[in-house]
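All remarks here apply to the structure that follows.
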Amino acid sequence: FESRLLDGMRVLITAGPTREAIDPVRYISNHSSGKMGFSLARAAADAGASVTLVAGPVNLPTPAGVERIDVVSAQDMYDAVLARTAESDLFIGCAAVADYRPATVVEQKIKKQNDEMTLTLVRNPDIISAVSASESRPFTVGFAAETQDVLGYAKGKLERKKLDAIIANDVSVAGIGFNSDQNEVILLTARGEQALPRMGKQQLADALIEQLAQLLNSTDPA
Ligand code: PMT
């Protein structure tokens, strides 16, 4: 048998949005479909890895051979990821995690009141920063979804979150990014950058996994 790029590797991937409850019937979320993260999970499994996919609420089938853990909120995703960080060699944070959640979840459906209402939000924990700060950290790869100064903000996140690589995604361009079938990204490390042109998300995921496997193998002393 031909040996594959990620044989023997344990890969942990997050995908999709998170949902932050306001009351029993309402929530705050975003347009992530999970397609990019699920494509990465499939690509990593095809490359021989044992893959765990922590998925927010999405409507997608689980790729063959992938272990899937469904979560709802950012806190749920944090707990599911941090419980598995130590046993992972590679972490890819593709989920669009809500940065804030309502300060309190109201127990009963909120009734209409005045013309204006104010919702107080509090910060959610940063999952990928916790992964990269953990003991025996996996090779940690983030995404940066940006609408302006894409490379500048992505570099900032690479440094601030102490990542090994970041995948910059310009989500202001029509036809790529959130919920589309195609995507176009720039893979950034401290050493350099590589643009991957517009293509289907599965093809892009295959290319990204190949690049990440090379980075991983070049930093692995074994
Ligand atoms: O799901 P699709 O419809 O296929 O769309 C794909 C995508 C556009 C969602 C994906 O390609 C993408 O860019 N994902 C990252 C989205 C995002 O929220 O990025 P960010 O720049 O806000 O976050 C930066 C990094 O920190 C990400 O790796 C994110 O997972 C992580 N993060 C953010 C907040 C938080 N509380 N915890 C985190 O771990």
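Could you tell me which of rounded, prolate or oblate describes region 157-222, using a ≥ b ≥ c as the square roots of the eigenvalues of the alpha-carbon gyration tensor, with rounded for a/c under 1.5 and, failing that, prolate when a/b is larger than b/c and oblate otherwise? Oblate is the answer for region 157-222, as a/c is 1.5 or above yet b/c matches or exceeds a/b. Against the longest alpha carbon principal axis of the chain, how many degrees, from 0 to 90 and to the nearest 10, is the axis of helix 201-219 turned? The angle comes out at about 60 degrees. Considering only beta bridges that DSSP places wholly inside the chain, some 40 percent are antiparallel. Every helix of 4 or more DSSP H residues in the chain counts as -39500 (n - 2.57), and over all residues that averages to -8000 deg cm²/dmol at 222 nm.
The orientation-averaged shadow of the Cα convex hull for the chain, equal to a quarter of the hull surface, comes to 13.7 nm². Backbone geometry of region 112-122 corresponds, through the Karplus equation with coefficients 6.51, -1.76 and 1.60 at θ = phi - 60°, to 3J(HN,Hα) couplings of 4, 10, 7, 5, 10, 9, 10, 10, 8, 10, 10 Hz, x marking Gly and Pro. Structural descriptor for the chain: relative contact order 20 percent, calculated from alpha carbon pairs under 8 angstrom and at least 6 residues apart.
Put simply, the amide H of V71, placed in the peptide plane, has neighbours under 5 Å in A55, G56, leaving out anything fewer than 5 places away on its chain. For the chain, the tally of Lys pairs with Cα-Cα distances below 23 Å comes to 4, considering only residues 8 or more apart or on different chains.
For region 109-187, trypsin sites (Lys or Arg not before Pro) meeting the loop criterion (DSSP other than H, G, I, E, B) and having at most 15 other Cβ atoms within 10 Å: K109, K111, K112, K162.
Whole-Hz Karplus values for region 153-158 come out as 5, 5, 4, x, 5, 4 Hz, taken residue by residue from phi with 6.51 cos²θ - 1.76 cosθ + 1.60 and θ = phi - 60°; glycine and proline positions read x. Taking amide H as placed 1.01 Å from N in the peptide plane, the amide H of A49 sits under 5 Å from that of L6, each at least 5 places away or on another chain. So who's got an amide H within less than 5 Å of the one on A144, skipping anything under 5 residues away but keeping other chains? H placed 1.01 Å off N, in plane. Amide H neighbours of A144: I167, A168, N169. Using θ = phi - 60° in the Karplus curve 6.51 cos²θ - 1.76 cosθ + 1.60, the 3J(HN,Hα) couplings for region 182-196 round to 10, 8, 8, 9, 10, 8, 10, 10, 4, 8, x, 9, 9, 8, 10 Hz; x is entered for Gly and Pro.
Just so you know, all these numbers are worked out from the coordinates, no wet-lab data involved. Remember, it's a predicted structure, so these values are computed and weren't measured experimentally. Glycine also receives a Cβ, built like all others from the backbone with ideal geometry; neighbour counts cover every protein chain displayed.
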